[in-house]
1. Name the single residue, out of those in the stretch 40-72 being of a type in the set (Asp, Glu) and closer than 28 Å to residue 98 by Cα, that is modelled with the highest pLDDT.
2. List pairs: first in the stretch 180-197 and closer than 11 Å to residue 157 by Cβ and assigned to a helix (DSSP H, G or I), second open to solvent by less than 40 Å² (accessible area, probe 1.4 Å) and not small (Gly, Ala, Ser), Cβ under 9 Å, 6+ apart or cross-chain?
3. Select from the stretch 143-200 the residues that are open to solvent by less than 40 Å² (accessible area, probe 1.4 Å), closer than 24 Å to residue 25 by Cβ and touching a helix residue (DSSP H, G or I) at 6+ places or on another chain (Cβ under 8 Å) and list them in ascending order.
4. Of everything in the stretch 30-51, what is closer than 25 Å to residue 181 by Cβ and either assigned to a helix (DSSP H, G or I) or not assigned by the TED database to the domain that holds residue 132 (or both)? Give them in sequence order.
5. Is at least one residue of the stretch 113-124 crowded, with 16+ Cβ neighbours inside 10 Å, under 28 Å from residue 234 (Cβ atoms) and modelled with pLDDT of 95 or more?
6. What strands (runs of 3 or more DSSP E), lying completely within the stretch 103-166, carry at least 2 residues that are hydrophobic (A, V, I, L, M, F, W, C) and over 26 Å from residue 230 (Cβ atoms)?
7. Across the stretch 201-227, what is the total count of residues that are over 15 Å from the mean Cα position of the chain (by Cα) and open to solvent by less than 30 Å² (accessible area, probe 1.4 Å)?
Amino acid sequence: MQAFSFMPIATIETPFMEKFAIPRQAGIVSAAKGRVILCGEAAKPECVEGLEDFSHLWLTWVFHGVPQGERQPRVRPPRLGGNVRVGVFASRSPFRPNPIGLSVVKLDTIHIESGKAILEVSGVDMMDGTPILDIKPYIPYSDAISGASAGFAPDAPESKLEVLFLPEAEAALRARSDGDSVRELIRALLALDPRPAYKQAQTEGEYGMLLYDFDLQWRINGNCAEVVALRAPK
């Protein structure tokens, strides 16, 4: 069988410096913003002419943060508690024969910097620096299938945790020019409980995750996620 090789047409800048806490699907955290930085010939403004007429985009991308190696034919989706195996093609696991992702994001705006096109998008589910292979407009009449069945994931995930910002974290957010939007993102991410499924029954524990330029320190206290601090990464 013929092999194919593709060069990225863009990379995306996102708040997520590591895999932990990235939303498990695009669109479920609208506060997760990204910048698609087109490169090479694809960065020409002519390539995005007419794209402003569409509200949403399909991004095809590479799971560049997934270790290379042998792939298993079955995986354990977090939505099933991490205990039930399904075929890899019945999942959206990043551990795939070809590590390619597909996401629908909202197109917020298009602008040109130094003659190159940049797309501002929201609802992202990609790590910072993810290579983008292709961009296509989302077409509701063909892409939204009324009555489609969704197997083990029929509904969007619901918020599981109350989120409380402790004084040190609040002070750090007030000191940031983007503090309001960062607070909104943190609240949305923690409300969904980003911990692995096997830890979500635990009612205490301390955690950290890399967002933007800081290490977010937070802890579980019953059904509450307490945001402790925004600290410099180690």
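1. Result: 41.
2. 191/161; 191/163
3. Hits for the stretch 143-200 are 153, 161, 163, 182, 197.
4. Going residue by residue through the stretch 30-51, those that are closer than 25 Å to residue 181 by Cβ are 30-38, 48, 51.
Selection gives 48, 51.
5. yes
6. Working: elements: 116-122, 130-137, 162-165.
Of the strands (runs of 3 or more DSSP E) lying wholly inside the stretch 103-166, those with at least 2 residues that are hydrophobic (A, V, I, L, M, F, W, C) and over 26 Å from residue 230 (Cβ atoms) span 116-122, 130-137.
7. Filtering the stretch 201-227 down to residues over 15 Å from the mean Cα position of the chain (by Cα) leaves 201-208, 213-227.
Now drop any that are not open to solvent by less than 30 Å² (accessible area, probe 1.4 Å), which leaves 205, 214-216, 218, 220, 224-227.
The qualifying residues number 10.
The values are calculated or read from the model by the stated rules, or taken from the named source; none is laboratory data. None of these values were measured; they are calculated from a predicted model. All Cβ positions, even for glycine, are placed from backbone atoms using ideal geometry, and neighbour counts span all protein chains on display. All accessible areas refer to the heavy atoms of the entire protein, side chains included, with ligands and DNA or RNA removed. Shrake-Rupley method; radii C 1.70, N 1.55, O 1.52, S 1.80 Å.
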